[in-house]
Structures are given as structure tokens and as C-alpha cells.
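The values are calculated or read from the model by the stated rules, or taken from the named source; none is laboratory data. Fair warning: this is a prediction, and the values are worked out from it, not measured in the lab. Ideal geometry is used to build each Cβ from the backbone, glycine not excepted, and the neighbour counts take in all protein chains shown. Ligands, DNA and RNA are stripped out before the accessible areas are found, and what is left, the full protein with its side chains, is counted by its heavy atoms. Shrake-Rupley method; radii C 1.70, N 1.55, O 1.52, S 1.80 Å.
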Amino acid sequence: MRFLRRSSTEQAASPESENETAQNAAEHAPHHTPKKGRPTPKRREAEGKRRGPVPPPPKTQREAIKRARGNKEERRSAAKERRERMMQGDDRYLMPRDKGPVRAYVRDLVDTRRHLMGLFMPLVLVVFVSTLSQNLLVQQYATLFCMALLIMMVIEGTLLGRYVNKHVRAKFPDAKDKPFSLGWYAFTRAMQIRKLRVPRPRYTPKDIAKLG
């Protein structure tokens, strides 16, 4: 009755056969991913292959100067492009305080009006020149003129803040900007000379009807 029993050789080989059968079944499974047969490359190695070979070091001083000059020109060109995008009002290149449609609308409101506060920089120059003068009468008149102009600028800034907040709340009812923050932002922009404003004004006082 030996045919009913397995031989010792068959018993020893049965585990291997079972392993091979399981492996073949796993390989033919629909969602099986075969092994790559090599270790996964590191990120630095992959980036190095993607970027290409590292250029050799310069052999002469002239070559090093030429290479550094080329890199400097590239950085200067990139900085010039970023500056131009910022002047155009691109949100990706603006400072955090200038980003968003609300701040852009505030800038447009300021740029479509003429402001006495734009005389702030010339006023500083007048004060500086008056301090150099030895004529007491000139100093007194300059001081009185500056004080009167400063008071008018404060009043105008307060009215501008109310004007800006009123229009912003009407156009952006869900805006979370604080009234003082918007008023101060409008005040600081109105104090700047139009040609020096960043971003560049999109409207002029003649375009106030276009802004609505």
C-alpha cells in the first residue's frame, strides 16, 4: 500500500512547489507590479540626471569671469522681469500688503483723484531749504505754510479714508480688511508722487467714469 503514501523525496519537494505556485499566481495577478530589479534612485541623483551633467570648472581666469558675467546678466534680467511684473500689478510678484482685488481697487480709487497729499515730498524739501536760510522771516513763513499744509493733508486723508471704505464695502461686502487699514493704505499711496507709485497706476483722474 505504498502508493497511498508520498515518498520522502516528494515530501521534501512539496514546500518548494507550493512556493513556486504561489509566486506564479502572484505574478499573474491583475494588480501585480513586478520588481524593478534595482534600488530606487535618490532624489539628488534623479535631479542630477534630469538637469544634465555638471559643467566642468573654468580652466582660466578669463573663462571664470565670462561665466560669472553671464550668470550676473541672467540674474539681472530675471530681476528686471520681476520688477516689470510687479509694476504691472501681477499678484504673484506684489508685496503682501498690495495683494488682492480689494487693495487693487483701493489703488484705483486713489489714482483716479488728485490729492493735496501728493505735495508731501516737495513739502519736505521746502522745510529743509527753509532751515538753511538765515532769514528769520523766511523761516517763519515757511513754518506757517508747512503747518497749514499738514493740517489740510490730515483732513484730506481722513476724508479719503471714508471715501475708500464706502466704495470698498459697496463693491466687496465680504471684505475682511479693517477700515483703518484700508484708509491708511490709501493715505500712504496718495502721499506718493504718481510716477513713483508701485504698482504703476492703471487709471488717471480722467478715467474716473471707467472705474465706476
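Here are a few things to note about the model shown:
- Of all residues in the stretch 73-103, those that are of a type in the set (A, V, I, L, M, F, W, C), closer than 26 Å to Ala190 by Cα and outside any loop (DSSP other than H, G, I, E, B) total 3.
- Residue ID - surrounded by the fewest Cβ atoms within 10 Å (Cβ to Cβ), chosen from residues in the stretch 182-208 that are of a type in the set (A, V, I, L, M) and over 15 Å from Glu156 (Cβ atoms): Leu196
- Within the stretch 127-162, the set of residues being of a type in the set (D, E, K, R) and surrounded by 15 or more Cβ atoms within 10 Å (Cβ to Cβ) comprises Glu156 only.
- A residue that is over 18 Å from Gly118 (Cβ atoms), at pLDDT below 95 and not in a helix (DSSP H, G or I) occurs somewhere in the stretch 134-141.
- Filter result for Ile65 (surrounded by 11 or more Cβ atoms within 10 Å (Cβ to Cβ), over 30 Å from Lys176 (Cα atoms), free of Cβ contacts under 8 Å to residues at least 24 places away in the same chain and more than 26 Å from the chain's Cα centre (by Cα)): yes
- Among the residues of the stretch 71-90, those that are open to solvent by 70 Å² or more (accessible area, probe 1.4 Å) and either within 24 Å of Tyr105 (Cβ to Cβ) or at pLDDT 85 or above (or both) comprise Lys80, Glu81, Arg82, Arg83, Glu84, Arg85, Gln88.
- Checked against the criteria, Leu109 counts as touching a His at 6+ places or on another chain (Cβ under 8 Å) and either under 28 Å from Leu211 (Cβ atoms) or in contact (Cβ under 8 Å) with a residue 60 or more places away in the chain (or both).
- Breaking point among (1) under 28 Å from Tyr93 (Cα atoms); (2) surrounded by fewer than 17 Cβ atoms within 10 Å (Cβ to Cβ), for Val124: (1)
- Which numbered condition Phe172 misses (of (1) open to solvent by 40 Å² or more (accessible area, probe 1.4 Å); (2) closer than 13 Å to Met117 by Cβ): (2)
- Subset of the stretch 196-209 [part of a helix (DSSP H, G or I) and farther than 20 Å from Asp91 by Cα]: Pro205, Lys206, Asp207, Ile208, Ala209
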